[in-house]
Each structure stands twice: as structure tokens, then as C-alpha cells.
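The values are calculated or read from the model by the stated rules, or taken from the named source; none is laboratory data. Computed from a predicted model, the values in this text were never measured in an experiment. We place every Cβ from the backbone using ideal geometry, glycine too, and count neighbours over all the protein chains shown. The area values use the complete protein model at the heavy-atom level, side chains included, leaving out ligands, DNA and RNA. Shrake-Rupley method; radii C 1.70, N 1.55, O 1.52, S 1.80 Å.
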Amino acid sequence: MQASPRTAPDADVGRLLVSCEDGPGIVAAVSAFLHARGANILQSDQDTTDPVGGRFFLRVVFRMPDLMTWLPALDEEFAGEVAEPFGMWFRLRAAAVPTRVAVFVSRYDHCLLDLLWRQRRGDLPADIVQVVSNHPDLQKEVAGFDVPYAHIPVTKDTKAEAERQQAELIAGRVDLVVLARYMQVLSGDFLERIGVPAINIHHSFLPAFAGAGPYEQARTRGVKLVGATAHYVTEVLDEGPIIEQDVARISHRESLVDITRRGADVERTVLARAVSWHCQDRVLLDGQTTIVF
């Protein structure tokens, strides 16, 4: 059974993200800039941490004829005319250009295969260009999706060299790294080398039951919920800004196998949501927290 055909994305639709100190005139300036160039605003979401001295966040989806041609000039003009006067951080890009993703994985396959399947179905606005693993186990499964698979072993003694190889492999090829149950801690040096965000799926509802054997810990403690957390990766283990979380209710009647299966289901959906939202430019950072539109 073939996947349902998807409508080709509109090449004239763009997305603009803005973050700056809140104050009057921001929305007016952004709207006037787009209107002056013949753009039609299709969607606009905004939030503020405090209307007096807080941070302001804005996501605008717009349509502008021949956007791909005008995008470089649009970016430069917005920087000078709007961003600089308001002290803005901003990102402007065409919605039709998919986010290029490298997925890192160890031996657990559920999150990786779910992302690959969603991409093939057209349900994930991303282009998975590379799978990287410290084990060869999943190479056959990934081959069925026609995605390159790189096996780079990692040991305590070879970690630095392995990370160098990984960084070189994806250099200039990706906009996002996704850790789909990759059972290695990324060093600060590696994160700096790749120069793109990384999203991790954590096998519990942070910060509970962090570390090895989370479901064994959960069952021993008699918990009634298991969960998963998708967050951006930082040098501090499992402390990055959280993008999405969810839980599943369990009972004392469920075995460890049942609980693990329920947990894997939550991991899949939480990671898919986080990656999708990031690729749709729905996530803005506010220090150690996130604004998700």
C-alpha cells in the first residue's frame, strides 16, 4: 500500500521568527515591512514574558510572490530596517525548504524507524539525510528507507576521535541533529563543532528516574504514569530547554514488558512532535525555557 500523495509546499510561503525586548511598535514595524513588499500575512502568533521590560516573541507565516528570489534581499533589508532598531534576534526562511536532519541512534529502533516512516509518508517536514550509529544493528532497516547509514564505533578511549568523524560526516549537510535513543553523551566540543541544534528524547518525564533502567525504577516505585521528554541538548546532561513532554497511565497489573512498550510509544510521539515543531519554526528559546507556538 503506497503512501497518500502530499500537496507540494507553496514556494512563496515564508516564516519569520522574532525575539527582542518587549515594547510598542514591534508588530506594526514587522507588518509594515512585509506589507511594503507585497506580502500577505497568513498567520501570526505572539507572546511576552512581561509587557514592561519582558521578552517579546513572534512567529509570522506570510506569502510573498517570488519569495525564493527575493529572500536574500528580504533578510538583509529586515536586518537593517527592523531588527537593528529593535535589537531583535530573527530568522527568516522559506517554508518549502525542508530542514535537513541527521539522526543518531544506538540499538533501540523505535524512535528512529518512526521518524523515517513519518518522513516517507510526508508527515514530517524534514529531510533525513544521514543516520549515524555506534552500532551496526539497524543498518538493514535503514537501508529500506534509502538513507545513508554510518557506523562509527564509540568507546571511552575513542570517543574524541569518533566525535571528530561524526562532525566531519555531517558538516555543512544538516540543520538539526536528532538523538533517537543514542546512548552516548555528546561533548561540548562536538556540539560546538556541528553548529546546529540537537534534540534528544529522554526516556522519562524529567527529572524523575534519570539514568539507566528508568522503567525498572518506575515499576519498583509503583508509579502510575510513565512519560518521555524531548529537549534541546546542552553540555549539561538532560538539562537542556524542554520542547515537549507526555505521559501514559499504567497500573500495578502491567509487567515490565508492558510498561516498556507503553513508554516506547510515548517516546515516539513526543520526539516526532518536537522534531516537527522545530522544523516548522514553532520553537523559540527564552533562556532555559521554550516558547512553542
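Quick notes
- On Cα atoms only, tilt of 26-36 relative to the major axis of the chain in degrees: 70
- Nonlocal amide H pairs with L179, under 5 Å, H built at 1.01 Å: F104, I199, N200, I201
- FRET efficiency, F145 to Q43 (Cβ-Cβ, R0 45 Å, nearest 0.05): 0.90
- A straight chain from A79 to E254 at 0.36 nm per residue would run longer than the Cα-Cα distance by 57.4 nm.
- Choice from I194, I152, I243 with maximal GNM fluctuation in the chain (Cα, 10 Å cutoff): I152
- Max mean-square fluctuation residue, GNM over the chain, Cα-Cα springs under 10 Å, options A272, A73, A180: A73
- Acute angle (nearest 10 degrees) that the helix 256-279 long axis makes with the longest principal axis of the chain, alpha-carbon atoms: 20
- Pairwise label distance in nanometres, W117 with T69, each label 7 Å out on the Cα-Cβ vector: 4.3
- Potential extension, L225-S187 segment - 0.36 nm per residue separation minus Cα distance: 10.5 nm
- Qualifying lysines (Cα of each under 30 Å from Cα of K140; at least 8 residues distant if same chain): K156, K159
- Contour minus Cα-Cα distance for A32 and V236 (0.36 nm per residue): 69.3 nm
- Sum of side-chain charges, R181 neighbourhood, beta-carbon under 13 Å (Lys, Arg +1; Asp, Glu -1): -2
- Protection proxy ranking, peptides 86-93, 128-135, average beta carbon neighbours within 10 Å, highest first: 128-135, 86-93
- Phi angles of the stretch 189-200 translate, via the Karplus equation with coefficients 6.51, -1.76, 1.60 and θ = phi - 60°, into HN-Hα couplings of 5, 5, 4, 5, 5, 6, x, 9, x, 10, 10, 10 Hz per residue; Gly and Pro are given as x.
- Taken about its Cα centre, the stretch 102-189 carries a charge dipole of about 160 debye when Lys and Arg each add +1 at the Cβ and Asp and Glu each add -1 at the Cβ.
- Along the axis of the charge dipole computed for the stretch 99-292 (Cβ charges of +1 for Lys and Arg, -1 for Asp and Glu, origin at the Cα centre), the listed residues S133, I291, A264 are led at the positive end by A264.
- In the stretch 13-94, taking the dipole from charged Cβ atoms about the Cα centre, the farthest positive-side position among S19, H35, G87 is held by H35.
- The accessible surface of the stretch 104-183, taken with every protein chain in place and a 1.4 Å probe, is 50 percent carbon and sulfur.
- Shape of the stretch 242-293, Cα gyration tensor, a/c cut at 1.5: prolate
- Sum of side-chain charges, F56 neighbourhood, beta-carbon under 11 Å (Lys, Arg +1; Asp, Glu -1): -4
- The label point for E216 and the one for T155, both projected 7 Å from the Cα toward the Cβ, are 2.5 nm apart.
- Sequence ranges 258-268, 44-54, ranked by mean other-Cβ count within 10 angstrom, highest first: 258-268, 44-54
- Acute angle (nearest 10 degrees) that the helix 67-78 long axis makes with the longest principal axis of the chain, alpha-carbon atoms: 70
- Dipole magnitude of the stretch 99-292, debye to nearest 20 (Cβ charges: Lys/Arg +1, Asp/Glu -1, about Cα centre): 600
- Cα gyration tensor shape for the stretch 96-197, rounded if a/c is under 1.5, else prolate or oblate: oblate
- Prolate/oblate/rounded label for the stretch 1-87 (Cα gyration tensor, a/c 1.5): oblate
- From the C-alpha gyration tensor of the stretch 99-292, square roots of 5λ in Å: 26, 19, 18
- The chain, accessible area per residue, ligands and nucleic acids excluded (1.4 Å, Å²): 50
- Computed over the chain with a Gaussian network model linking Cα atoms closer than 10 Å, the most mobile of K140, K156, K224 is K156.
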